[in-house]
Amino acid sequence: MKLYAELADWYPLLTPLQDYVEESADYIAALRGALGDAPFRLLELGAGAGHNAHYLAPLTRELALVDLSPEMLKLCAETCPSASLHLGDMRTVRLGREFDAVFIHDAICYMLSEDDLRATFETARAHLRPGGVLLIAPDYVTETFEPTEEVGGNDGEGRALRYLGWVWQRPDEPNCYVVDYVIATRVGDATPVVHQDRHIEGVFPRETWRRLLHAVGFTLEALPRANPDDDRPLDLFLARLVG
Ligand SMILES: C[S@@+](CC[C@H](N)C(=O)[O-])C[C@H]1O[C@@H](n2cnc3c(N)ncnc32)[C@H](O)[C@@H]1O
């Protein structure tokens, strides 16, 4: 995906750090509720630019970030200077270390099959102490998915970005959807360069989440969360590893 490779340097203009203040407050509340007030050890899988992790870092005594993209991990080095950074796939990575919590934000949407989801839950289990928690915030579950479009972008120093994210679904593929990005980047007053990037993302019913989490050894609480962009409730899965 171009957005996480050759366009990664532009990512902070597509979705800036300060946009995550409100959203990360939901994750802080969920993690504090599950683990209490003491600093904890946190692993994020698919950490992207580390934007959520930046706001979660003060809660932690150890923070590890995993991503498939070296370019995105470079951004994490700036947003989360105290974190350890690891190149890896959330389905297979094994750090050989134990954490109190594993967090996965929108990167979970790149899991396209039940096997992918299950493998990711197994990665979480492999890194959690008994009684540790897995917090996952997918963009959609099947029950909340609807075709839509996002338009946005920001101005930076001497450069600017605008984008359209066009979200749609093929009728014969209920467990995935397409996000077609059209991204215009402008340096100085030059004519913008237009990039296209198609992302295929997974979406599953709540019952599938529940079944797979239980199969891997978690007990599940599903919490509603408020989307900062609209009033539609989104799902936030908080699962505890059976001790
Ligand atoms: C939308 S970004 C995440 C942004 C992040 N929520 C933040 O706060 O900055 C999605 C990230 O998922 C990563 N990703 C996609 N598939 C992955 C996989 N199988 N394992 C690990 N990371 C993955 C991409 O490289 C990308 O950096």
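A short reminder: the numbers here are calculations on the coordinates, not readings from a lab. Just so you know, these numbers come straight off a predicted model, no measurement behind them. Heads up, the Cβs are rebuilt from the backbone with ideal geometry, glycines too, and the neighbour counts pull from every protein chain shown.
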Checklist outcome for this item: Reported set for segment 194-223 where residues are surrounded by 14 or more Cβ atoms within 10 Å (Cβ to Cβ) and of a type in the set (A, V, I, L, M) is Ile200, Val203, Leu212, Leu213, Val216, Leu220, Ala222, Leu223
Next on the checklist: For segment 16-56, give me each residue that is farther than 15 Å from Gly132 by Cα, without any contact (Cβ under 8 Å) to a residue 60 or more places away in the chain and in a loop (DSSP other than H, G, I, E, B).
Outcome noted: Gly48, Ala49, Gly50
Checklist entry - Is it true that Tyr140 is assigned to a strand (DSSP E or B) and surrounded by 17 or more Cβ atoms within 10 Å (Cβ to Cβ)? => result no
Checklist outcome for this item: Filtering segment 1-56 down to residues that are β-branched (Val, Ile, Thr) and within 11 Å of the ligand (Cβ to nearest atom) yields Thr15
Checklist entry - If you scan segment 57-88, which residues turn out to be without any contact (Cβ under 8 Å) to a residue 40 or more places away in the chain, within 9 Å of the ligand (Cβ to nearest atom) and not hydrophobic (A, V, I, L, M, F, W, C)? => result Gly88
Item to check | segment 62-112, residues that are aliphatic (A, V, I, L, M), more than 16 Å from Leu7 (Cβ to Cβ) and either part of a loop (DSSP other than H, G, I, E, B) or under 14 Å from the mean Cα position of the chain (by Cα) (or both) | outcome: Leu65, Val66, Ala83, Met90, Val93, Leu95, Val102, Ile104, Ala107, Ile108, Met111, Leu112
